[in-house]
1. Would a scan of region 213-234 turn up a residue that is more than 28 Å from residue 312 (Cβ to Cβ), of a type in the set (A, V, I, L, M, F, W, C), free of Cβ contacts under 8 Å to residues at least 40 places away in the same chain and outside any helix (DSSP H, G or I)?
2. Within region 504-546, which residues are more than 43 Å from the chain's Cα centre (by Cα) and either within 14 Å of residue 477 (Cα to Cα) or touching a residue at least 12 places away in the same chain (Cβ under 8 Å) (or both)?
3. So residue 299 fits all but one of (1) surrounded by 14 or more Cβ atoms within 10 Å (Cβ to Cβ); (2) at pLDDT below 90; (3) acidic (Asp, Glu); what number is the exception?
4. Can we say residue 186 is open to solvent by 70 Å² or more (accessible area, probe 1.4 Å) and farther than 25 Å from residue 313 by Cβ?
5. Within region 515-534, work out how many residues are part of a helix (DSSP H, G or I) and either closer than 21 Å to residue 556 by Cβ or among the hydrophobic types (A, V, I, L, M, F, W, C) (or both).
6. Name, by its number, the condition in (1) in contact (Cβ under 8 Å) with a residue 12 or more places away in the chain; (2) outside any helix (DSSP H, G or I); (3) surrounded by fewer than 16 Cβ atoms within 10 Å (Cβ to Cβ) that does not hold for residue 249.
7. Quick one: what pairs do we get from region 175-192, first residue within 16 Å of residue 215 (Cβ to Cβ) and of a type in the set (S, T, N, Q), second at pLDDT below 85 and outside any loop (DSSP other than H, G, I, E, B), C-beta under 7 Å, 6+ apart or different chains?
Amino acid sequence: MGTIATRRLNIFSELNMKWFVVILIFAVLLAGGAFFVGTRLNLPMTFSGGQPSEQQASAAPSEPVQPEAATADANEETSPPQSGETPAGVSESTLLANISRPELMIRINNLGTSDARAHHELGRRMMDTPGDEIAELTNEMLLYRGPGLTGEQGIHPLLRTALIRWAEVDAVAAFRRTTQPDVPAEISAMASGTVLRLLSASSPDQAWSLSKEIEEIDHRNLVQKQLLVQLGASDPSFGQNVVANDEQLSQEAVDVFFSSWAKSSPLDAVEGASLVNESRRDPTTISVINSIAMTDPEEALAQIQNLPQDLEQKALASVIGIIAEFSLEDAKDLFLRLENGTPRTIGLRSLTEHWAMEEPAAAASFIDRLDDPIAKESVMPTLLDLWSNRDPMGAARYAFSQTVTSAITGGILKIAERLTDDDLESTLAWANNLNENQASRLFVQQLYDRIALNDPGKAAATAKRIPPSFDSQMVYGTIARRWALQDPTGAATWVETIPDELGKRRAHYEVALQWSRTAPSQAAEWINTLPGSVYRNRGMIGISYAIQDVDPAAALQWASAVDGESEFRLAQVTRIIQDWRSTEPAAADAWIAASDWLTIEERDTLEEQAVSAAAKENGEIPIGETEAQQAAE
């Protein structure tokens, strides 16, 4: 039984093997035929589920395509590959390894920082280049002006490495090559600094001596500051000697060295700062204290306590801003330790810069309680600027509560600018309901100035919404000035429609003034056509202002033609005469003598002013003035 079964199994295995061989041969023949047909017809050889894919079907040609080798002329040379291309059958690495270095640099120049393989090949060659040949490679890289070897943070790492290799062989030659005129300026400063920093590790005196050979001042300062940073960390004793003996160093360079020193040895840096020459001692000490405060505020305050009182006050004021970043309450306590004077003003400015960004109203309340008008005035622009970033209307309400000064005026200008850029309609509605005072009038004027700068017609239309109780003459004057600068004819037409009488007078003056500066003859024609002496008078004063510097006699002729307003006319004539006398007194006096239209009172007034001017030059008390007036003046 077992023998029969075994025999049947052997027969079955032999039959299976025969069929397997037959099937295998058939499959090989089928595959070979398919490959032959495919290559002759240029068909794709991948399949999907027994059927060609859509992409394969669309790629299949309707007619057989002859191979390029069969159609090309056997004697025709193939064109070389273009820059950045790899020839068929040649790997990218092989191509880069076989091209010359100048060709490699050209490729980097064409492809820039994206050509990573070219950069890698250049780096490989640089590391394989013998030390005595590295100068040639580095020189090529120094002269390179394309995007591939500049990098985002100064020179490219490959160029830095090449410089280091060259400096290891001959640092002096490497440095002097980097400072030659043919090396691009943006590369020269970084390259020379790289070489000297390496040299300073072994020979700081030689590195410093070489830095003095750099002729371009900004370049030399940059490199020397880089060296001083390194000396502060690695060789402070030599750096201290440099600072003590090089009088050409800027205070900034000295501060850089001591700040670097303070990071590794703060107490030694403080002591070293006390030994510099007297003219640099205070700022250097403060710089060291500031560096310490950035990492250890308590240590900085402890060092401040050991300083002389005058320097202590300066140092406290200097670190307040740094302390405020850690603790605003501690910064306020430090400020209150300052006495009135320059340090207190500086300290308040630093405190305000940090406080007003987060709590401007609280900072303003703190400032208002101070009995130091000079310090308060100095921080108003900063306070209002930072406050208006968060809450421009809140900043404006605070400004309106203050006495108008130059600082408040500057703050109001900033606030008006920001509010104009926001919701203009809401801003105008809010502004038209303000209580009138000097500050709010200034704000509204600046608001309309910003509008008129972009669209004077819109400013003119919205100005009609200003309440009648509000003194709006300066607003109309501002709009007229902006409009006249852009379109004097259009401005001249508009001023006749202004409903506010004082605003209308001011607008006539502004149009005449601006128009006369660019086209005086056209402005004169317009002035002569104005109805009513009041508006014509303002026009004549406007043109006299515009031309008085170039032709004071003609300006006086216009001013003296003012009709029916003798005090107004005399005021303008007096102003022009005073200015003319400051440059040509004889000509001004001659004009007065020849002006028979002047009344006796007007002539006496002008003569008294001439005597007063002469008396002032001699140090005497002018006629009609008291000693108190002269002292105030």
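1. Yes, some residue in region 213-234 is more than 28 Å from residue 312 (Cβ to Cβ), of a type in the set (A, V, I, L, M, F, W, C), free of Cβ contacts under 8 Å to residues at least 40 places away in the same chain and outside any helix (DSSP H, G or I).
2. Once the filter is applied, which keeps residues that are more than 43 Å from the chain's Cα centre (by Cα) and either within 14 Å of residue 477 (Cα to Cα) or touching a residue at least 12 places away in the same chain (Cβ under 8 Å) (or both), region 504-546 yields 524, 526, 527, 530, 533, 534, 535, 536, 537, 538, 540.
3. Only one criterion in (1) surrounded by 14 or more Cβ atoms within 10 Å (Cβ to Cβ); (2) at pLDDT below 90; (3) acidic (Asp, Glu) is unmet by residue 299, namely (2).
4. yes
5. 13
6. Failing condition for residue 249: (3).
7. Short answer, once both residue conditions are applied: 178/142; 178/188; 179/188.
For every residue, the table says whether it meets (1) closer than 30 Å to residue 392 by Cβ; (2) crowded, with 23+ Cβ neighbours inside 10 Å; (3) within 29 Å of the chain's Cα centre (by Cα).
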position: 262; (1), (2), (3): no, yes, no
position: 272; (1), (2), (3): no, yes, no
position: 322; (1), (2), (3): yes, no, yes
position: 341; (1), (2), (3): no, no, no
position: 346; (1), (2), (3): yes, no, yes
position: 365; (1), (2), (3): yes, no, no
position: 369; (1), (2), (3): yes, no, no
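The values are calculated or read from the model by the stated rules, or taken from the named source; none is laboratory data. None of the values given here were measured: they were computed from a predicted structure. All Cβ positions, glycine included, derive from the backbone under ideal geometry; neighbour counts span all protein chains shown. In case anyone asks, the SASA skips ligands and DNA or RNA and just uses the protein heavy atoms, side chains included. Shrake-Rupley method; radii C 1.70, N 1.55, O 1.52, S 1.80 Å.
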